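Engineer: The structure under discussion is supplied below as structure tokens; questions concerning it will follow.
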Amino acid sequence: MGSSGHVALYEVPDTELAVGSTLGGPKVTATIKASGAIEKVFGVDCGAVLIGTVLLRHYDAVTGMYLSQDRPGRFYIYPERQEHRYALTNGIQMHETVFVLSTQSSWEDSVDPPAVYQWIELTNPTDRTVELMIYAHADLRGDTAHDVEVRFDRRLGALVAWNRSSPEQARVFGCSQHVESFETTLDYAKAIAETCPGPLSNKTKAPLDPLGSLQTRCRVEPQQTVRFHYLAALGNGRHGAIGAYRACPDAETALRRTTEYYGEMTDRAVVVCPDPNVNRGVLWSKANMLRVQTQAPTGWCFTNDPTRSNNSVGRDTAWFAFGADYLNPAFARESLLAYVRLQERNGKIIEYYDIRNGKTEDYGLNINDNTPLLIMALWHHYNATGDEGFLKEVYPAAAKAARYILSQRNEQGLVWCTATGTSDWGIVGWRNVIPNYRLSGATTEVNSECYAALKTISHMARVLDKHEDSETFDCEAETLKDAINRHLYNSNNGLYLLNIDLDGNPRSDVTSDLVFPVMFDVAPDDVAAEIIGRLSNEAFWTQAGIRTTPRDAPNYTPNNGWGLLGGVWVGVSFWYAFAAAKYSPSFMAHALSVSFENYSSDPRRNNTVPGQFSEWLHGETLVNEGMMLSPWFPPRYLWAAVEGVAGFSSFQGSPTVDPRLAPEWKWLAVQNLPYRDQRLTYFAARMPDVHVYTNFVSSANPGPYITYEEDISSRMEAIGDSLCRVGLRHGQNLLLFVGNTAERTTTTSLRVRDHLAGSYRCRTYNSLFGRWMEHDQRISADEIGRGMSVKLERKGFCVLDLQQEV
């Protein structure tokens, strides 16, 4: 629901999911089952699942009859929560809300306690009083050792559990409602009993794998709604877990604060165009990024597979920063600095580290893609924030990494990987997990990244007045670019080689890796256009995005090698969209639209969750076979939208815009984009040439643009969720823009809630008519405040230019 980039909600029948949402906060991650039950609760500090399934069971308190779900209900998936609405067989209307406490508004050391809520609302629409016995069953071992001990804390009304072998792994599971009885048991069958189990034993002596159970009673009068919640909290040892549990606010407060935080964050870096799928993709990319930001014992970071990995990966962190700089740059800064601190003595950047203890791994490769990618991410962060202190802090590490890159060239001048192993130990680059596969020597991917990194370090040095360094690195970058185009360019097909292997053999495999020389400005324009055209071939493309290897290739396999030899790694579609923006805006728009839309298309069949960026898909069936939430895909979508679609750049130290409107798009808008100490807003409209209107000054925009002083979009109202609105103000003069994302013509009322006075001359440009139209009559400030009627064609726009008359 919602197509303008501000409304985020999926409504799904509760029979149509194969799995539920992945939700997270700074210290905890929770996943939800297809049934709506909590599947597991993962503690970030200990790196383990401390609580498994949490299951609710309802019985009639008088007859003992099991109250099943009467008929299919509905799931409602929001950025910060998942709701389940259904009816019991006795008519009671159930409303369950699962969410993780996440209210982080700053990047200080103090964060929310690790807590997962299940908020219950029971509404009685009947004319009779209903009394229920409700049982909550929780797997208190999770994935920990088989030595769980449990005690019931009567003051909390909660079960407290810990492991004898690891007493720091503690958790509390309780209820805000009075607990009549409790127990731990090995009688798992009791959790699905067909008749009411009655009072529980009030004992917690079950060994090894205890199922913790809490029994409450709920009386609901006619037309009454009763609310209470279950809460799982984690902590370091029993005292820590109990302290976390006590520190948690009530469910209503916790949800309100969490919703407000997500709302404030997703209102940043808004990119809106006539394609609702792209708009939703941008919005949900931000929501997914917020879900995976964690504060581990080693600092702020994320893992590459939430709830199943404790490793932070270098390339993933670099790519995350490219998007996070437009959402939460403080997180980007801290996560990047971890790799600066852990840089190897020779200058190489590690592959990953364990977020619990900082232990590192580099797979023994002499060079990797993490090294150039980190250099680029550090520069990107400086450009986005203007933090010169940060640049001074990281420059020595970045320069050391760049010099290490230069030391790893062969006699051809190409960056050379000497790895003789396979998989992680023999693949240099992003596809490093293919079993029994080697990709080393000189790869076009890593050499392209190294060229871009050397250009980047040259810019860093210039800003810091290290002009000798700057000139040296720039010359070395151009030398490497020449070597790439001399030795890795394949004149037989007009593309690039995959690599030159360790024996000096050229390998001309056509794969999605061809995006790299385009993304990183290695390929001349004619070659780049040829690559974009080749990658748009139907053998590469599916309705869910681009295959890693085309369907007609001899080595195509739709699911072997983790999908890296023919599966659909959806994030590669975002790389392609960025690369294609300059050469094929139409296919850019297609790539971003279909790749995100697939997540909500038949999610039960495709093993996806609407709005959630899963990892890789079978190349034929398009069923997700990877992780349910891939943390490094969402930031790449946001980056591709901001810097690809919207054409924003700050690479040269000041903001420029070159919007890439698809041929069928008549407009594009960007709002509230964090840039240094500003929030930038601009829109582009075909009038009939593309004109750009901004609230910031830049002298390098390639097309005609007009600058206004102030963004007043927050004080502008237009009725309809399908509408994008942008308001700009210069003194008392206003420029009001409304874009329509709907497939139909619509009429809206447009008004401005601001301090306006006098009357205004008005002219309008409506894409329905395709020209400026002068209004004979003046419009009063009162009329602007009350509302003006505007008609918008499908996917069209209207601009109102209001000049105050004194």
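Engineer: Considering only the other residues whose Cβ falls under 10 Å of the Cβ of Y363, what net charge follows from Lys and Arg at +1 and Asp and Glu at -1?
Structural biologist: Values: positive: none; negative: E351, E361, D362, D424.
With Lys, Arg at +1 and Asp, Glu at -1, the neighbours total -4.
Engineer: Determine which residues of the range 529-572 fall in the zone a paramagnetic label at T422 would reach in this model, i.e. backbone nitrogen under 12 Å from the point 7 Å along Cα→Cβ.
Structural biologist: Under 12 Å, as judged by backbone N against the label point of T422, lie 561 of the range 529-572.
Engineer: Just how much of W616 is accessible, in Å², when a 1.4 Å probe is used and the result is rounded to the nearest 10?
Structural biologist: Solvent-accessible area, nearest 10 Å²: 10 Å².
Engineer: Taking the mean number of other Cβ atoms within 10 Å as a proxy for protection, how do you rank 202-209, 790-797 from highest to lowest? Intermediate values should be presented prior to the final figure.
Structural biologist: Working: 202-209: 13.9, 790-797: 20.4.
So the peptides 202-209, 790-797, ranked by packing, come out 790-797, 202-209.
Engineer: Just to check I understand the Karplus step: with θ = phi - 60° and J = 6.51 cos²θ - 1.76 cosθ + 1.60, what whole-Hz values come out for the range 68-73, glycine and proline as x?
Structural biologist: Calculated HN-Hα couplings, in order: 7, 6, 6, 7, x, x Hz.
Engineer: Compare the peptides 413-419, 555-561 by average per-residue count of other Cβ atoms within 10 angstrom and give them in order, highest first.
Structural biologist: On the way: 413-419: 22.1, 555-561: 16.7.
Final packing ranking: 413-419, 555-561.
Engineer: Which GluC sites (Glu not before Pro) in the range 544-621 sit in a loop by DSSP (not H, G, I, E or B) and have at most 16 other Cβ atoms within 10 Å of their own Cβ?
Structural biologist: Numbers: sites: E597, E615, E620; in loops: E615, E620.
Here the GluC sites (Glu not before Pro) that fit, given the DSSP loop and packing criteria, are E620.
Engineer: Now, a different point. Hey, can you rank 364-371, 296-303, 194-201 by average C-beta count inside 10 Å, highest first? Please report the intermediate quantities before stating the final value.
Structural biologist: Details: 364-371: 22.8, 296-303: 20.9, 194-201: 14.4.
Highest to lowest by the protection proxy: 364-371, 296-303, 194-201.
Engineer: Determine the alpha carbon to alpha carbon distance for each of K348/K466; K33/K795; K392/K455; K481/K582 and list only those over 29 Å. Kindly include the intermediate steps, with their values, before the conclusion.
Structural biologist: On the way: K348/K466 22 Å; K33/K795 38 Å; K392/K455 17 Å; K481/K582 20 Å.
Listed pairs above 29 Å: K33/K795.
Engineer: For I779 and R761 in one chain, what is 0.36 nm times their gap in residues minus the Cα-Cα distance, to one decimal in nm? Don't skip to the answer; put the middle values down first.
Structural biologist: Numbers: separation 18, 0.36 × 18 = 6.48 nm, distance 0.66 nm.
Contour length minus Cα-Cα distance gives 5.8 nm.
Engineer: How high is the FRET efficiency between N560 and E805 when r is their beta carbon distance and R₀ equals 60 Å, given to the nearest 0.05?
Structural biologist: On the way: r = 71 Å, r/R0 = 1.18.
The calculated FRET efficiency here is 0.25.
Engineer: Here's another thing I want to ask about it. Grab the other residues whose beta carbon is less than 9 angstrom from that of M460, score K and R as +1, D and E as -1, and report the net.
Structural biologist: That works out to +1.
Engineer: Considering only protein heavy atoms and a probe of 1.4 Å, how much of the accessible area of the range 677-777 is carbon and sulfur, as a whole percent? Spell out each step's value before the answer.
Structural biologist: Details: 2280 of 4940 Å².
Carbon with sulfur: 46 percent of the solvent-accessible area.
Engineer: Also, quick follow-up: Rounded, prolate or oblate, given the Cα gyration tensor of the range 71-225, with a/c below 1.5 counting as rounded?
Structural biologist: On the way: a/c = 2.06, a/b = 1.22, b/c = 1.69.
Because a/c hits 1.5 or more and a/b fails to exceed b/c, the range 71-225 counts as oblate.
Engineer: Right, another one. How many nm is it between the label spots at N733 and E620, if each spot is 7 Å from the Cα in line with the beta carbon?
Structural biologist: 6.3
Engineer: Considering only protein heavy atoms and a 1.4 Å probe, what is the carbon-and-sulfur percentage of the accessible area of the range 523-607? Intermediate values should be presented prior to the final figure.
Structural biologist: On the way: 1380 of 3040 Å².
Within the range 523-607, the accessible surface is 45 percent carbon and sulfur.
Engineer: Roughly what would the spin-label model give for K791 and L768, points 7 Å off Cα along C-beta, in nm?
Structural biologist: 0.4
Engineer: Please list, in order along the range 641-653, the HN-Hα scalar couplings obtained from phi with the Karplus expression 6.51 cos²θ - 1.76 cosθ + 1.60 (θ = phi - 60°), rounded to whole Hz, x for Gly and Pro.
Structural biologist: Couplings: 6, 6, 8, x, 4, 7, x, 7, 8, 9, 4, 8, x Hz.
Engineer: If you take the square roots of the eigenvalues of the alpha-carbon gyration tensor of the range 558-614 and sort them as a ≥ b ≥ c, do you get rounded (a/c under 1.5), prolate (a/b over b/c) or oblate?
Structural biologist: On the way: a/c = 2.84, a/b = 1.37, b/c = 2.07.
Oblate, since a/c reaches 1.5 and b/c is not below a/b.
Engineer: Let me ask something else about it. Where only protein heavy atoms count, and the probe is 1.4 Å, what is the accessible area per residue for the chain in Å²?
Structural biologist: Numbers: 28980 Å² over 806 residues.
Roughly 36 Å² per residue, with all protein chains present.
Engineer: Additional query: From the helices alone, meaning DSSP H stretches of at least four residues, give me the mean residue ellipticity at 222 nm for the chain, per-run term -39500 (n - 2.57), in deg cm²/dmol to the nearest 500. Let's see the in-between values first.
Structural biologist: Working: 16 runs with 198 residues, N = 806.
Rounded to the nearest 500, the figure is -7500 deg cm²/dmol.
Engineer: At what distance in angstrom do the alpha carbon centres of the range 640-686 and the range 47-116 lie from each other?
Structural biologist: 39
Engineer: Where does each of R763, R85, R604 land when they are ordered by accessible area, with a 1.4 Å probe and the largest first? Could the numbers behind the result be given before it?
Structural biologist: Values: R763 75, R85 105, R604 130 Å².
Ranked list, largest accessible area first: R604, R85, R763.
The values are calculated or read from the model by the stated rules, or taken from the named source; none is laboratory data. All of these numbers come straight from a predicted model, not from anything done at the bench. As a convention, Cβ positions derive from the backbone with ideal geometry for all residues, glycine included, and neighbour counts pool all protein chains shown. Keep in mind that these areas ignore ligands, DNA and RNA; they rest on the heavy atoms of the full protein, side chains included. Shrake-Rupley method; radii C 1.70, N 1.55, O 1.52, S 1.80 Å.
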